[in-house]
Amino acid sequence: MNQLLLLIAILLVANSLFAQPQPQGEFHQRLFKKIGEIERVKRHAAPEGIGAIVFATTEIPRLGTVKEIEPILGIEFRRYQSVWARFFLPKHLGALPDGMPKRIIYRMIVEGKLHYEKELTSDYLPLPEWSSWMIQLPDALQEGYDTLPPEPVHLRLEVWASKSLTKDGAEKLIAVGECLLQP
């Protein structure tokens, strides 16, 4: 029994030390090529060094091509329409400058002000190898959606990472995306 526990512990450590980052598809790679700022905005990318969040009414393929993904992306949706948000980071989470975060915070910014935030820790974090993952809206941020004002809303979704489990730890913006929500 002790040998089995030792083997499991060794496999877990080896997996975290030697895990390979996710492969990135053509669209993902295109987001982070060294391109001009106007082209970067046109392609749904965030400022250099920050990940991009893109939105669609269908699931967004992680390894998709530009021709597959660009036609399904949108920037305007109905308030309670099912919307997929895919996060594309320049590097996998384990390769962030401060290493793998212990806490990730999703923030809904409405008309330039913090409207709602949701924290993820431990078992709920994306894996260190991941440079892309997806959530479904409004489900993932339902409480924030339920308190939105009734008029059209310019929503900025931000993802922040922190090495600290407490709110007083330094947080770093790792991805951003924007859309318009109509009532």
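Here the condition is being small (G, A, S) and either part of a loop (DSSP other than H, G, I, E, B) or under 18 Å from Q182 (Cα atoms) (or both); of A140, A85, A161, it holds for A85 alone. Looking only at residues in segment 111-134 that are in contact with a His (Cβ under 7 Å, 6 or more places away or on another chain) and not polar (S, T, N, Q), the one that is most open to solvent (accessible area, probe 1.4 Å) is E111.
When you look at E158, is it open to solvent by 40 Å² or more (accessible area, probe 1.4 Å) and of a type in the set (D, E), yes or no?
no
Got a number for residues in segment 129-162 being among the small types (G, A, S) and in contact with a strand residue (DSSP E or B) (Cβ under 6 Å, 6 or more places away or on another chain)?
Looking only at that region, the number is 4.
If the condition is being within 20 Å of E119 (Cβ to Cβ), among the hydrophobic types (A, V, I, L, M, F, W, C) and crowded, with 22+ Cβ neighbours inside 10 Å, then segment 85-103 contributes A85, F87, L89, L93. Of all residues in segment 88-118, those being touching a Gly at 6+ places or on another chain (Cβ under 6 Å), closer than 17 Å to V54 by Cα and outside any loop (DSSP other than H, G, I, E, B) number 2.
The values are calculated or read from the model by the stated rules, or taken from the named source; none is laboratory data. These figures come from a predicted structure and were not determined experimentally. No Cβ is skipped: glycine too gets one built from the backbone with ideal geometry, and neighbour counts run over all protein chains shown. Surface accessibility is based on the protein's heavy atoms, side chains included, excluding ligands, DNA and RNA. Shrake-Rupley method; radii C 1.70, N 1.55, O 1.52, S 1.80 Å.
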